[in-house]
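The next block holds one structure in the form of structure tokens; read it before the comments.
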Amino acid sequence: MISQRVKELLADMSLEEKLGQMIQLQARYFCEEDTSELTGPGQKLEFVNEQIKYMGSVLNSKTAKQNITIQTQQMEKQPHHIPMLIMGDVIHGHATIFPIPLAIGATFNTEACKMACEISALECAVSGVHLTFSPMADLVRDSRWGRVMESYGEDPFLNSQMVKAAVEGYQGDSIKDFGKIASCVKHFAAYGASEAGREYNSVDMSEGTLREYYLPAYKCAVENGVKMVMTAFNIVDRVPMVANRHLLQDILYNEWKFKGVVISDFAAVYETIVHGYSKDRKQAAERAINAGCDIEMMSDTYLNYAEELISEGRVSIEQIDHAVGKILMLKEELGLFENPYKDASELNEKKYLLCDAHKKIARKISDQSIVLLENDGILPLKKDGLKIGIVGPFATSKHVFGAWAKENNQSVSLMEGINNVAPNNKTVAIINDELEARLTGFIDIKDSIHKDLETIKDCDVIIVAVGEHEKDSGEAASKVNLRLSENQEKLVYEAYKLEKPVIMVLFSGRPMEIGHLLPFTNAVLQGWFLGNEMGNALADVIFGDYNPSARLPITYPRSVGQLPLYYNAYNTGRPDLESNEKHMSKYIDCASTPLYPFGYGLSYSRFEYDNLRVVIEDDKIIAEIDVENKSGIKGKETVQCYVRDISGSVVRPVAELKAFQQIELNPYEKVSCKFLLTKEMLKFHNDQLEWVFESGEYEIMIGCNSSQTTKAKVIL
Ligand code: GLC
């Protein structure tokens, strides 16, 4: 439904003006002083400067000063003085940087996700940004893919819950409100399934699998009012997503009733030629417009060929008006026609960006993101009387923001965090040269390890801070090897030889291959990249100020050779039950189970589950279980409820997360957790791709992770 204002504009705008609204260019085309990085391959665009005044939106201009300038200049030149839409990648923070989305997923706390997005929205709104290209709803099962850091992991339910929280956090009740922005869910669809984890690679799967696993989180974003959808670079079923009529027209627009704007990813319209789908720019424009892509990001086919396509009847002016109408309606919903600068304010930037209140919240969320993978009891450490050796390239590094974050000078290193939280201990850092990124010529840590470690053999405990460079994670950062560098592994072995407890802390945007290092450690923390407060949060956990509660949102493989590896798999006809039977679905050189399963994480408390009760009431499954804290330490447990549909009109996953509850238990406290499962929650796409519930036998599995559950069967 378009407003009178938009109707009148459409009636009065020239075709060139309309096509300009359907183009998005990087900030450098509007402002010579812009310093933002190109987020895609630089290529020569074919338009003349005279046409710049028609452009309708700008990519990644992120300061109030620059955005006020760009908006003022553009509106003066634009024939109808239509305001620009200022969009950007605010993925896990604008100025205050929060944990990477994968680490937010590990919190299993949607309120934490929402809070991080609320603060990100406020900070970028006062910098003049109107829309963020977030959340990324791509389901990921293969950690070779660098953008796994940008996802919430491998589970459709957890992804959907986090995506919903993110959209709510960014958009609030109205995107016109102060400190609220529009949200764009990406990358539609299934970019996380790039074959072999190789960036931008092909995606090919059945529609059943697509709908069962990969589409739910995007659908959840649409159901929760997301204002924009970005198409993925990849093909699905042999058609590039930006021109994929089945997924865009049949599913997104017609089945899901999406009324918002669709934008391409960076140059993806042009790249349909490279894919071998469009024969030239003209056909690229035709196919993307006809599929329903409203804005072409950083390529120029619409501007240069739409008029010809219209004259040839290959595209209609009604399609152009429909797309431009949606774009103008989004600007109207943001209030840009009344106030084109919205919340942009240099004064408010000083007030809100990286303020203490935001950093305090970032620390609390970071605390909840750290996964305790191993602990022989060495953790938590005492806060006094210890001499702690901190070794490795992340011992004193402040480059702990992760991909998609503009680094600031206020991050807290591990060493600083330890000194902040436990100043009465002594700390010494050695072998702490920074890693170099592989893209700029990887340099491993120096190999003077043995000699250097001798200097700290009087320490009581050694913390080994190792991982991957933050630039070796994120977009265009796929890897075939998930191990630490050779000398970082040597550092672990050599530290162990000091015969002192070794605590390994992993700084990474993905699960790493660490199984072979475990015998040389006493405790392992998955630290991810947490942003500003990383050092403080790690210290909060190391010294027990925060009892670790995070759970893995993605499977941790024993070997990269197992990937893709995920908990909610189909059973096969010969599942590996770790028997000696030869003819089973397994490897002969590696166990088929993960190192750590989805949902796994340790605590300083000890939780025990007992007395699972499952009944059917009014066509619903009521499941209850007792959870007891068997320790003297208060802690938070994430009670996970999985379901298995034993048989169906198609094979069904061996487990599906359907609900989770986070409970705080005092020492020796016992509570009963109750889950309600409805037939609606058990629906799936059957062999005819109909969304149905099928009666039959179900197994209810409740526990602390996807592999450790108490089970009960019911007939529904
Ligand atoms: C990049 C990414 C996308 C991002 C866009 C704009 O290539 O794929 O996630 O939002 O370009 O920077």
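A short reminder: the numbers here are calculations on the coordinates, not readings from a lab. Note that the coordinates shown come from a computational prediction; the quantities given were computed from them, not determined experimentally. FYI the Cβ positions are ideal-geometry reconstructions off the backbone, even for glycines, and counts take in every protein chain you see.
Overview of values
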read-out	value
Cα centroid of region 551-621 to Cα centroid of region 365-411, whole Å	28
Sorted by Cβ neighbour density within 10 Å, fewest at the top, the residues M329, M205, M534	M205, M329, M534
Residue order, fewest to most beta carbons within 10 Å, for H685, H187, H80	H80, H685, H187
By average C-beta atoms within 10 angstrom, highest first, the peptides 381-392, 118-129	118-129, 381-392
Cα-Cα pairs of region 277-343 separated by more than 17 Å (percent)	46
Alpha-carbon spread of region 334-439, three principal axes, descending order, Å	61, 35, 26
About the Cα centre, charge dipole magnitude for the chain (Lys/Arg +1, Asp/Glu -1 at Cβ), debye	780
Electrostatic dipole magnitude of region 581-632 [Cβ: Lys, Arg +1; Asp, Glu -1; Cα centre; debye, to 20]	360
Inverse of mean 1/r across different Cα pairs in region 77-165, Kirkwood, Å	14.0
Positive-end residue, region 331-478 charge dipole about Cα centroid, Cβ charges, pick of P423, I443, L353	P423
Kirkwood Rh in Å, taken over all unlike Cα pairs in the chain	26.6
Low-density loop positions, GluC sites (Glu not before Pro), region 248-322 - DSSP coil, at most 11 other Cβ in 10 Å	E312
Part-to-part distance (alpha-carbon centres) for region 449-500 and region 290-362, which is given in Å	45
Total charge dipole magnitude, region 601-716, about the Cα centre, Cβ charges on Lys, Arg, Asp, Glu only, Debye to nearest 20	380
Share of pairwise Cα separations in region 123-190, more than 13 Å, in percent	64
Rounded to 5, the percent of DSSP beta bridges in the chain classed as antiparallel	55
Farthest toward positive dipole pole in the chain [+1 Lys/Arg, -1 Asp/Glu at C-beta], among F660, L689, Y570	F660
Debye equation applied to the C-alpha atoms of region 515-603, log10 I(q)/I(0) at 0.21, 0.26 Å⁻¹	-1.12, -1.41
Net charge contributed by nearby residues that have their C-beta within less than 12 Å of S299 (K/R +1, D/E -1)	-3
Convex hull (Cα only) mean projected area of region 33-120, reported in nm² to one decimal	7.7
Cα-based shape type of region 394-469, given that a ≥ b ≥ c are square roots of the gyration tensor eigenvalues and the cut on a/c is 1.5	oblate
Kirkwood Rh, angstrom, region 565-702 [1 / mean 1/r, Cα pairs]	17.3
Compactness of region 179-315 as Cα Rg over 2.2 N^0.38 Å, two decimals	1.02
Neighbour net charge for E338 - beta-carbon separation under 11 angstrom, K R +1, D E -1	+3
Trypsin sites (Lys or Arg not before Pro) lying in DSSP loop within region 635-677, provided at most 13 other Cβ fall within 10 Å	none
Cα centroid separation - region 207-225 against region 111-153, whole Å	17
Helix-only CD estimate at 222 nm, as mean residue ellipticity for the chain, using -39500 (n - 2.57) per DSSP H run (n ≥ 4)	-7000 deg cm²/dmol
GluC sites (Glu not before Pro) within region 336-405: DSSP coil, no more than 15 neighbouring Cβ in 10 Å	E338
Region 435-561 shape via C-alpha gyration tensor axes, a/c threshold 1.5	oblate
Sorted by Cβ neighbour density within 10 Å, fewest at the top, the residues T427, T72, T35	T35, T72, T427
